């Protein structure tokens, strides 16, 4: 993908989608819904990062296996015993399936947050909350950019020390520790100096001296209203079907799942799939249109 089409929509649309994807993903453990969340979060992540995203998604596989396999070690409940260890402690199939469900939920939430970090920039965050809570939104936006800023600066400092032969990579353990302490000390000094410069710059520009105004390049257009309507309809359908028992899932002591042939579960799965597929469908549709137009040139 050459660009993320979904991120070009109004930031409020992006924010509502991610809130819905994360909130709904945290409360539903039905396997069909978990598969939707895991599959579509991975698909959207790949449309954003393309081949670079494969490494991140591949790292989620061993994490999934470990989380699923560890759960029966702490939760021996279940009727189907797969084997016994430590002198009679059961390792049950129900606990294993429950661990797989928890692992799928956890990984899908991680991927959605990774997509959120790629889409929701600091200016979008300020656009959403800048008028209602200007001070809080400013502080949060500064905090969100600290980690990537520190990582980038730490890489620059380490690279500069490597160029003058003081990286300590091939030295003793003490030299490596001293190099790490030096990099950390330099990074801390840079952060403190940057904070003072930022404060002076904001004071010289009159920050806090009067009523705060805001400017944004984003506008709530017709396509945003249409997409918001589709998203709200899907979320409403998911919640109504969940209230009707479409997401019932019990794993311990026995498996008890709402079947997909039940109307509430089928409708809920379809609405949930449509809601989570919105960003990926927009990106793929834009890419197809781009290839068609380019082929006509």
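The values are calculated or read from the model by the stated rules, or taken from the named source; none is laboratory data. Since the structure is predicted, the reported quantities are computational estimates derived from the model, not experimental observations. Heads up, the Cβs are rebuilt from the backbone with ideal geometry, glycines too, and the neighbour counts pull from every protein chain shown.
Report, by residue number, each residue of segment 207-227 that is at pLDDT 80 or above and loosely packed, with under 10 Cβ neighbours inside 10 Å.
Selection gives 219, 222.
Where residues in segment 252-272 are surrounded by 18 or more Cβ atoms within 10 Å (Cβ to Cβ) and outside any loop (DSSP other than H, G, I, E, B), which of them is nearest to the chain's Cα centre (by Cα)?
272
When residue 111 is evaluated against the numbered criteria (1) within 26 Å of residue 274 (Cβ to Cβ); (2) in contact (Cβ under 8 Å) with a residue 60 or more places away in the chain; (3) more than 16 Å from the chain's Cα centre (by Cα), which criterion, by number, is the only one it fails?
(3)
With 114, 101, 68 as the choices, which residue is over 19 Å from residue 30 (Cβ atoms), buried (at least 16 other Cβ atoms within 10 Å of the Cβ) and assigned by TED's automatic domain parsing to the domain that holds residue 275?
Values: 101 fails: over 19 Å from residue 30 (Cβ atoms); 68 fails: over 19 Å from residue 30 (Cβ atoms).
Checking each option against the conditions leaves just 114.
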